């Protein structure tokens, strides 16, 4: 079973989507969405990953990830399975959305998709659980 939750903002219907797979156990609350200016330390053109909730790096560098990465443990080890908030500061060019995966190599597990300018201050299903990301054409 698949479960899709959408957060829609404004008349332009900008959408940030979450897909959770599978639905065998009850899920905690939906993500705490954020739509606005890039948080501190978030580089333009990047998925920005923070170790703590509310875009707090918790004494570590912000992981500014400019491309699709199959295994965060290689170059972003300080946030691999230690992440708590995420922001898409990508470009308006294609691809402009990013999916964050709780698994290596973009396979299954819990996923969070963020359109450009969207973030999640916290999402319990992915908290301290993410390992890869992939840039896509839209959520």
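The values are calculated or read from the model by the stated rules, or taken from the named source; none is laboratory data. What you see is a predicted model, and the numbers here were worked out from it, not measured in a lab. No Cβ is skipped: glycine too gets one built from the backbone with ideal geometry, and neighbour counts run over all protein chains shown.
Quick one: which residue in 74, 136 is surrounded by fewer than 17 Cβ atoms within 10 Å (Cβ to Cβ) and out of contact with any strand residue (DSSP E or B) (no Cβ under 9 Å at 6 or more places or on another chain)?
On the way: 136 fails: out of contact with any strand residue (DSSP E or B) (no Cβ under 9 Å at 6 or more places or on another chain).
None of the others qualify; the one that does is 74.
Would it be correct to say that residue 127 is on the phi < 0 side of the Ramachandran plot and modelled with pLDDT of 95 or more? Spell out the reasoning first.
Numbers: on the phi < 0 side of the Ramachandran plot: yes; modelled with pLDDT of 95 or more: no.
No; evaluated as a whole, the condition is false for this residue.
Being over 16 Å from residue 70 (Cα atoms) and over 8 Å from the mean Cα position of the chain (by Cα) is the filter; apply it to segment 105-119 and report the residue that is surrounded by the most Cβ atoms within 10 Å (Cβ to Cβ). Step through it out loud before you land on a result.
Let us first name the residues in segment 105-119 that are over 16 Å from residue 70 (Cα atoms), namely 114-119.
Of the ones still in play, those that are also over 8 Å from the mean Cα position of the chain (by Cα) are 115-118.
Values: 115: 20, 116: 18, 117: 19, 118: 27.
My answer is 118.
Which condition from (1) in contact with a helix residue (DSSP H, G or I) (Cβ under 6 Å, 6 or more places away or on another chain); (2) part of a loop (DSSP other than H, G, I, E, B) is the one that residue 134 breaks?
Only one criterion in (1) in contact with a helix residue (DSSP H, G or I) (Cβ under 6 Å, 6 or more places away or on another chain); (2) part of a loop (DSSP other than H, G, I, E, B) is unmet by residue 134, namely (2).
What is the number of the single condition among (1) modelled with pLDDT of 95 or more; (2) touching a strand residue (DSSP E or B) at 6+ places or on another chain (Cβ under 8 Å); (3) buried (at least 20 other Cβ atoms within 10 Å of the Cβ); (4) not in a strand (DSSP E or B) that residue 88 does not meet?
(4)
Go through segment 35-71 and report how many residues are within 24 Å of residue 92 (Cα to Cα) and either assigned to a strand (DSSP E or B) or in contact with a helix residue (DSSP H, G or I) (Cβ under 9 Å, 6 or more places away or on another chain) (or both).
12
Going by the conditions given, is residue 11 outside any strand (DSSP E or B), farther than 19 Å from residue 129 by Cα and at pLDDT 90 or above?
On the way: outside any strand (DSSP E or B): yes; farther than 19 Å from residue 129 by Cα: yes; at pLDDT 90 or above: no.
Criteria not met by residue 11.
Anything in segment 46-58 that is at positive phi and more than 14 Å from the chain's Cα centre (by Cα)? List them, or say none.
Narrowing segment 46-58 to residues at positive phi: 54-55, 58.
Within segment 46-58, just 58 meets the criteria.
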